[in-house]
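Asker: Pasting a structure below so you can have a look.
Only the coordinates and a few stated rules stand behind these numbers; no lab work does. Just so it is clear, the model here is predicted, and its values are computed rather than measured. Here the Cβ positions follow ideal geometry from the backbone for every residue, glycine too, while neighbour counts run over all protein chains shown.
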Amino acid sequence: MIKVIFLMKFRCDLDPDEVRRWWLNDHGALALCNMGMKRYVQNHFIGPVDEEHAEGGLDVDGCVEVWFDDREAFERTLASPEWKALEEDGPNGFEMSLAMGGFVEEHVMRWDAGLDGRPYRTTSG
């Protein structure tokens, strides 16, 4: 399993709340059409951490975590028409020239396995 993280910046000419709505609903629905992804998580930054703990603040508005079985599944997904549709939709809310991404090696240091109440979306709902 491999994981990719993309850091995203909203277009400055759009209302951030509208971009969040678009990202969650419209863009998210396009993302879920990419069946090569094993897991897709949007992280919407909603406010800064207090200055004592994060003096630099944030220069991005959110990040996406995407899991794939392997590098070949990643490459096949990026070559798919579904991914192309996702890329073409990106400029509707994101400043694509500022988007950054990369493969990461995840080290889970703690994971409470109990139900946490997070919403999960699927292509059917």
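Asker: If you stretched the chain out fully between LEU24 and VAL41, how much longer would it get, using 0.36 nm times the residue separation minus the C-alpha to C-alpha distance?
Answerer: Gain on stretching LEU24 to VAL41: 5.1 nm.
Asker: At a Förster radius of 41 Å, what calculated FRET efficiency corresponds to the Cβ-Cβ distance of LEU78 and ASP112, to the nearest 0.05?
Answerer: 0.80
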